Amino acid sequence: MSLAVIIPAFDEACGIPATLRALAAQHDRDFHLVVVDNASTDGTAAVVRDTAAALGLQLEIVDEPERGTGAAADTGMRHAIARGATLLARTDADCLPAPDWTARIRAAHADGLDLIAGRLRPRTDEGVPAWKRAVLVGAVGVATAFGTVRPGNRDPAHLGPYVMTPGCNMAISAALYVRAGGFPRTRIQDLHEDRALVNAVRRLTTRYGRRSDVVVFGSSRRVRAWGLVRTLAWYADHRYWPEHVDIR
């Protein structure tokens, strides 16, 4: 199989070098990296090029002027498919994939999963206290359980149960991505594009599932900016909606 890793990025000049270093440290480096510059204004593309060159990391930078995590991710996925990728992995520009991330994704796909939902853990290098990180982990567990019963995830057309699939830690076969219609080309504040994709997949196949060994460490920068309660409200269907949703 041909594995591609897609990273949508908007104004991530400060943070994305750490993500690129995590990808350069993968045990399995046999993947094609696509960074989608989503109309950044801070020189993200130049930083990506310089960092990748220093790391010896081969990648492509694709421009997507239409703002939105869904739009940027979809552009990257479809670009990789056009280049011949048969398996697509996505993470975000503020995340740190574990060193065995790509290897575990490849193994999960070989085990029969066409959509792989990974495990999301908080980063430990951002100054967020351990107790707040523990609350975030617990909140993810609650959200995972609630997702199985929430009305929006229940449809007689679904062939299998809901599985929480974080957009920053997931993989999908190229064939299934196309059949499911891909990520909705939306903004992060308008729609959880990862949930929309997994629900589309559930109408097509049961070859999907959660793999706790596929680990990505995600940023807690919203907790630092908004506080814990407001951050949890944001992820709970945007019950907290700040003026600026892009936190850097």
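Quick notes on this structure:
- Of all accessible heavy-atom area on the chain, the percent that carbon and sulfur account for (1.4 Å): 54
- Farthest positive-ward along the chain dipole, Cα basis, beta-carbon charges - from Val62, Val36, Val198: Val198
- In the chain the Cα-Cα distances spread across 10 Å bins starting at 0 as 8, 33, 40, 19, 1, 0 percent of all pairs.
- Length gained on full extension, Thr206 to Val178, computed as 0.36 nm times the residue gap minus the Cα-Cα distance: 8.5 nm.
- About the centre of its Cα atoms, the chain shows a dipole size close to 880 debye [charges on the beta carbon of Lys, Arg (+1) and Asp, Glu (-1) only; nearest 20 debye].
- A Förster distance of 25 Å, applied to the separation of the beta-carbon atoms of Tyr240 and Arg67, puts the FRET efficiency at 0.75.
- Extending 7 Å from Cα along the Cβ direction at Thr86 and again at Val229 yields two label points whose distance is 5.2 nm.
- Note on the chain: with a GNM built from Cα contacts shorter than 10 Å, the maximum mean-square fluctuation among Leu55, Leu113, Leu23 falls on Leu55.
- The modelled label-to-label distance for the pair Asp213/His158, using points 7 Å beyond Cα in the direction of Cβ, is 2.7 nm.
- Note on the chain: antiparallel DSSP beta bridges, both residues inside, total approximately 30 percent of the bridges counted.
- Hypothetical label at Gln189: residues of segment 62-103 whose amide nitrogen lies under 16 Å (7 Å Cα-Cβ projection): 67-71
- Span-rule helices in the chain, defined as complete DSSP H runs reaching 27 Å or more along the axis (Cα) with Kyte mean at least 0.0: none
- By the helix-only formula, in which each DSSP H run with n ≥ 4 contributes -39500 (n - 2.57) and the sum is divided by residues, the chain has a 222 nm mean residue ellipticity of -11500 deg cm²/dmol.
- Whole-angstrom gap from segment 223-243 to segment 11-39, using each part's C-alpha centre: 26
- Spin-label proximity, Ala110 to segment 8-31 - amide N less than 17 Å from point 7 Å beyond Cα toward beta carbon: 27-31
- Rg then Dmax, both in Å and based on the Cα atoms of segment 1-141: 15.2, 44.
- Dipole magnitude (debye, nearest 20) for segment 1-118, charges at Cβ of Lys, Arg, Asp, Glu: 320
- Loop-located trypsin sites (Lys or Arg not before Pro) in segment 1-87, at most 12 other Cβ atoms within 10 Å (DSSP): Arg83
The values are calculated or read from the model by the stated rules, or taken from the named source; none is laboratory data. Here the structure is a predicted model, which is why all the values come from computation and not from measurement. Ideal geometry is used to build each Cβ from the backbone, glycine not excepted, and the neighbour counts take in all protein chains shown. With ligands, DNA and RNA removed, areas are computed over all heavy atoms of the protein, side chains included. Shrake-Rupley method; radii C 1.70, N 1.55, O 1.52, S 1.80 Å.
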